[in-house]
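The values are calculated or read from the model by the stated rules, or taken from the named source; none is laboratory data. None of these values were measured; they are calculated from a predicted model. We work out accessible area using only protein heavy atoms, side chains counted, and drop any ligands, DNA or RNA first. Shrake-Rupley method; radii C 1.70, N 1.55, O 1.52, S 1.80 Å.
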Amino acid sequence: DSSGNVGIGVNDPDATLDISGGTNKLGILRVVQRASGASAYGLDVGLDPSTGDPVFSRIVDDTVSEVFRIQRSTGSVGINRTPATSVKLDVEATGNNHPARLKSDAANYGLEAQHHLTPPQTIDLKKM
């Protein structure tokens, strides 16, 4: 437009680059790497058409999997899951993966949490 804004899928862009995926489309922006005849790997960014939540997904072997979501109504963040409305950060891991780790630049300082799936139900917090 006359102010230098560019619109893709929108006639009156409000930002330097304004992209609209239209209705009922999860992926609005997709960045992939694909060699000739090979599977795609990359990133998909969009809005959930039913909730308006910003959703970030990864693409591995042409398969799109959601990995990060910001719940529009609460501002809660979900990693590998839709966040529960009662918490600000909701992380889910499968198998023996550690669901959370916070680490500082100083050696061996931080916080790591792992939930054991077998009884007793415990959460380990340890110095790293």
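What the table shows:
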quantity	calculated
For residue 61, solvent-accessible area (1.4 Å; no DNA, RNA or ligand), Å²	80 Å²
Nonlocal amide H pairs with residue 55, under 5 Å, H built at 1.01 Å	46, 47, 48
Global form of segment 1-78, assessed from the alpha-carbon gyration tensor, a/c cut-off 1.5	oblate
72, 58, 81, reordered so the largest accessible area comes first (probe 1.4 Å)	72, 58, 81
